[in-house]
Amino acid sequence: MISKELKLSGDDIQILKYMTGCGSHIQKRDWGARNYFETNTSGKDYKSLVRLNQLGYVIREPLNQDIFPDGVLFRCTELGCRAAGMNERQIVKCLYGRHGRRE
């Protein structure tokens, strides 16, 4: 059986890192301070995010369609956080907020 992580492209990893605030320009202590990616169904990253959702790396959440009619919100899962290179503390911050609680 092929590992799910083998199905990720470099672009997929970059999306996961971007949506969780992980990057070479951001101090590692600040990784996980955000956890969202807003796009629309015609956005250039939409197909990749749908695929990441099908693989379990992100979840899709509704947006207020009155404000953002074509909008879609994605959040990273624990699997996605691990693929982005986060450690346990960063994962907790990303998934549950700075104090370990869902905000």
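The values are calculated or read from the model by the stated rules, or taken from the named source; none is laboratory data. Just so we're clear, the structure is a prediction, and the values are computed from it rather than from any experiment. Methodologically, a virtual Cβ is constructed for each residue, glycine included, from the backbone with ideal geometry; neighbour enumeration extends over all protein chains shown.
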Find the residue count for the range 2-29, including only residues that are of a type in the set (A, V, I, L, M), at pLDDT 80 or above and assigned to a helix (DSSP H, G or I). 4
Taking the range 68-99 only, how many residues are of a type in the set (Phe, Trp, Tyr) and either assigned to a helix (DSSP H, G or I) or in contact with a helix residue (DSSP H, G or I) (Cβ under 9 Å, 6 or more places away or on another chain) (or both)? 2
Scanning the range 30-49 for residues that are small (Gly, Ala, Ser) and in a loop (DSSP other than H, G, I, E, B), the one nearest to Ser9 (Cα to Cα) turns out to be Gly43
Looking only at residues that are more than 23 Å from Asp11 (Cα to Cα) and of a type outside the set (Lys, Arg) in the range 83-103, which one is surrounded by the most Cβ atoms within 10 Å (Cβ to Cβ)? Val92
Six or more apart or on different chains, Cβ under 8 Å: which pairs go from a residue in the range 14-27 that's under 18 Å from Leu49 (Cβ atoms) to one that's of a type in the set (Phe, Trp, Tyr) and surrounded by 14 or more Cβ atoms within 10 Å (Cβ to Cβ)? Could you list them? Ile15/Phe37; Leu16/Tyr57; Tyr18/Phe37; Met19/Phe37; Met19/Phe74; Thr20/Trp31; Gly21/Trp31; Cys22/Trp31
Subset of the range 51-82, residues of a type in the set (Val, Ile, Thr), over 10 Å from the mean Cα position of the chain (by Cα) and crowded, with 16+ Cβ neighbours inside 10 Å, comes to Val72
